[in-house]
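So the structure is just underneath, and the comments pick up after that.
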Amino acid sequence: MDFVRDLFVNLANAWTAWISGFMPAWLATLVNYLVVGILLVLIPVIATLALTWMERKVIGRIQNRPGPNRVGPWGIFQGIADAVKLLIKEDIVPDRADKPVFNLAPLLIFIAAALLWTVLPFGRGLVGQDLNIGVLYLVAIGSITTISVLMAGWSSNNKFALIGAFRVVAQLLSYEIPMVLSMAAVVLFANSMKMGEIVEKQIVPFGLALPLAMIIYILAAIAETGRAPFDLLEADSEIVAGYFIEYSGLKFGWFYIAEYSNLLAVSAIATTLFLGGWRGPGAEAAPALGPFYFIAKTILVVFLLMWIRGTWPRFRIDQMLALAWKVLVPASLANLLWIAVVVKLPMPAAAQWAFALAGNLAILLATLTMLGRAAKRYAAA
Amino acid sequence: MQIAVFILLSLITLGAAVMVVTTQNLLRAALWLILAFFGIAGIFILLHAEFLAVVQVLIYVGAIAILMIFAIMLTRNVMDPTQPRFNRQWGLVGGFAALLFIGLTAIVTRISWPVTIGEVPADAISRLGADFVGAYTVPFEIASVLLVAAMIGAIIIARERE
């Protein structure tokens, strides 16, 4: 029973003990690193297969149609059919493309997407590498995506791809700032950048104490993953597909996998930072439940993002940048300032939580009031 | 083992840096520069300065290199590979670069660097943070004032004339 209670960690320990029986210590370490690495690299692929199906079903339901329903029961094998289709497609490289850069871009974007999973804790002790700079690491790896998108857009030698790349820079750089500021609020509140420790600190999920930071993070995360209503970088109806317009076959597939992996990753980060990660009823006594709570919460956030995608029209680029610079950045700065003051006040933890929540709600209210006034002025003019 | 990794990282960094100044295509030069930045980040990790490594990737790769590429893309004709690589001032600039290299080498080899003995402390980040708002508050604040001044200057230059 004790074995089952912490099943995954015990399984890993048993595996290490088993391979150490006939391997030298350094080889066992190497094999373990390889196994964990392969598991983490598999996540993006699994995410793509599962989330494409889920997205089509969810959006289909929102648009009052059944969604995929031909391949397998409820169409669950649609993703596999699409993967096979991508694999057998011809690999086309534009004539005047910058070939090395063109070929490197999809690889780089996939590497960045896979690396994000290193620091995410799936349960207590179930983390690739619990870096003590975990949150900063996530931000740094996220910025590699921008480069690969720029490389793809420029090397394709296509005007739509280039416009897409330009939009990417404007969008990703602008939304990185509110995203980092809202993560910084959590870091200040948890007093740690270690992902595992941030989860341990959340006796009550931080989303309840810092709702504003959570809202800003989720909005910025939608923009960072380039999904509707912030999908200007690929806007099908304006610039056809943006930066990956010239890619075909498996190289397009890498972009697709990276996109869905990033969708799952930002949801997992939101879960870890704001929704208590793997915490849940009974997870203390039986840590094996942790990963299930973690996945359930992550899927919930993914569903929220799909819901937003299915129901909101696309923003114009100036509106989108104005939202980042004039609304999200000031609000998250004010929030960060307030949290910095609150965590230094000498009072019990519960009072700090209450103060943080009050400040968050006040800033949220002020932001919404100002937005409402601006909307009225805009409607009158 | 550490020496081997160090040599490998140094070769990557230096090789990428050489490509930056010799490649014809400006955008590829910027991409080589990114590889050089990654090499430096790797050296930081080798020195147990993970924070600096991540900041190196975040600031140099994630922001500075991207802005460079953006500037290159907005400049006309520089992406044409038939453009000459050097202009008339290359001799002068090369001379100054050589002078700078000699000066830096002289400084680096003569100073006795304070080397800590034993392990790097585990809480290096919190000590770095504490020092920024403790012993080194004034230099830190001066650096941020400089950045604000640069930002205001850029806004004034880029502002539309009325």
| query | How many of the residues making up the stretch A:171-186 are touching a helix residue (DSSP H, G or I) at 6+ places or on another chain (Cβ under 6 Å) and either over 17 Å from A:Ile218 (Cβ atoms) or modelled with pLDDT under 80 (or both)? | reply | 0
| remark: Of the conditions (1) within 12 Å of chain B (Cβ to nearest Cβ); (2) within 18 Å of the chain's Cα centre (by Cα), the single one that A:Pro178 does not satisfy is (1)
| remark: Note on the stretch A:40-60: residues in contact with a Leu (Cβ under 7 Å, 6 or more places away or on another chain) and closer than 16 Å to A:Trp307 by Cα are A:Leu51
| task | With the checklist (1) at positive phi; (2) surrounded by 24 or more Cβ atoms within 10 Å (Cβ to Cβ) in hand, flag the one item A:Ala152 doesn't pass. | result | (1)
| said: The conditions are (1) touching a residue at least 60 places away in the same chain (Cβ under 8 Å); (2) farther than 22 Å from A:Leu42 by Cβ; (3) not polar (S, T, N, Q), and A:Val101 fails exactly one of them. Which is it? | reply: (1)
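Let's see how each residue does on (1) closer than 25 Å to B:Ala63 by Cβ; (2) more than 15 Å from the chain's Cα centre (by Cα); (3) surrounded by 12 or more Cβ atoms within 10 Å (Cβ to Cβ):
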residue	(1), (2), (3)
B:Met1	no, yes, no
B:Leu8	no, yes, yes
B:Thr13	yes, no, yes
B:Ala16	yes, no, yes
B:Val20	yes, no, yes
B:Thr23	yes, yes, yes
B:Trp32	yes, no, yes
B:Phe38	yes, no, yes
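Here's the yes/no breakdown for (1) in a helix (DSSP H, G or I); (2) more than 30 Å from A:Ala81 (Cα to Cα); (3) without any contact (Cβ under 8 Å) to a residue 60 or more places away in the chain:
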| position | (1), (2), (3) |
| --- | --- |
| A:Val9 | yes, yes, no |
| A:Asn13 | yes, yes, yes |
| A:Met23 | no, yes, yes |
| A:Leu27 | yes, yes, yes |
| A:Val31 | yes, yes, yes |
| A:Leu34 | yes, no, yes |
| A:Leu39 | yes, no, yes |
| A:Ile46 | yes, no, yes |
| A:Met54 | yes, no, no |
| message | Test of understanding: among A:Arg314, A:Arg279, which residue is in contact (Cβ under 8 Å) with a residue 60 or more places away in the chain and under 28 Å from A:Thr52 (Cβ atoms)? | response | A:Arg314
| field | Yes/no for A:Val45 being under 30 Å from A:Leu162 (Cα atoms) and surrounded by 18 or more Cβ atoms within 10 Å (Cβ to Cβ) | value | no
| note | Wholly inside the stretch A:113-212, helices (runs of 4 or more DSSP H) that include 1 or more residues that are farther than 28 Å from B:Leu67 by Cβ and of a type outside the set (A, V, I, L, M, F, W, C) are A:195-201, A:206-209
| Within the stretch A:230-248, is there a residue that is more than 29 Å from A:Leu108 (Cβ to Cβ) and assigned to a helix (DSSP H, G or I)? | no
| query | For the stretch A:348-365, how many residues are closer than 15 Å to A:Leu336 by Cβ, among the hydrophobic types (A, V, I, L, M, F, W, C) and touching a residue at least 12 places away in the same chain (Cβ under 8 Å)? | reply | 4
| message | Out of A:Leu173, A:Leu208, A:Leu212, I need the residue that is hydrophobic (A, V, I, L, M, F, W, C), out of contact with any Leu (no Cβ under 6 Å at 6 or more places or on another chain) and more than 18 Å from A:Val135 (Cα to Cα). Which one? | response | A:Leu208
| field | Test for A:Ala12: is it surrounded by 13 or more Cβ atoms within 10 Å (Cβ to Cβ), under 21 Å from A:Tyr243 (Cα atoms) and of a type in the set (A, V, I, L, M, F, W, C) | value | no
| request: Determine which member of the set A:Phe22, A:Phe77 is surrounded by 12 or more Cβ atoms within 10 Å (Cβ to Cβ) and at pLDDT below 85. | output: A:Phe77
| query | Looking at the stretch B:32-42, is at least one residue at pLDDT below 80 and either over 19 Å from A:Pro100 (Cβ atoms) or away from every other protein chain (no Cβ under 12 Å) (or both)? | reply | no
| task | Show the residue pairs that are 6+ apart or on different chains and have beta-carbon atoms under 6 Å apart, the first residue being within the stretch B:61-76 and at the interface with chain A (Cβ under 7 Å from one of its Cβ atoms) and under 21 Å from A:Ala112 (Cα atoms), the second being surrounded by 14 or more Cβ atoms within 10 Å (Cβ to Cβ) and of a type outside the set (A, V, I, L, M). | result | B:Val61/B:Phe37; B:Gly62/A:Ser143; B:Ile66/A:Thr146
| field | Subset of the stretch B:78-91 that is modelled with pLDDT under 75 and farther than 23 Å from A:Arg167 by Cβ - its residue that is nearest to the other protein chains (Cβ to nearest Cβ) | value | B:Pro81
| note | Those residues of the stretch A:136-157 that are more than 15 Å from A:Pro100 (Cα to Cα) and either at the interface with another protein chain (Cβ under 8 Å from one of its Cβ atoms) or small (Gly, Ala, Ser) (or both) come to a total of 9
| query | Restricting the search to the stretch A:123-142, which residues are free of Cβ contacts under 8 Å to residues at least 60 places away in the same chain and either β-branched (Val, Ile, Thr) or surrounded by 23 or more Cβ atoms within 10 Å (Cβ to Cβ) (or both)? | reply | A:Leu136, A:Tyr137, A:Val139, A:Ile141
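The values are calculated or read from the model by the stated rules, or taken from the named source; none is laboratory data. Just so we're clear, the structure is a prediction, and the values are computed from it rather than from any experiment. Glycine also receives a Cβ, built like all others from the backbone with ideal geometry; neighbour counts cover every protein chain displayed.
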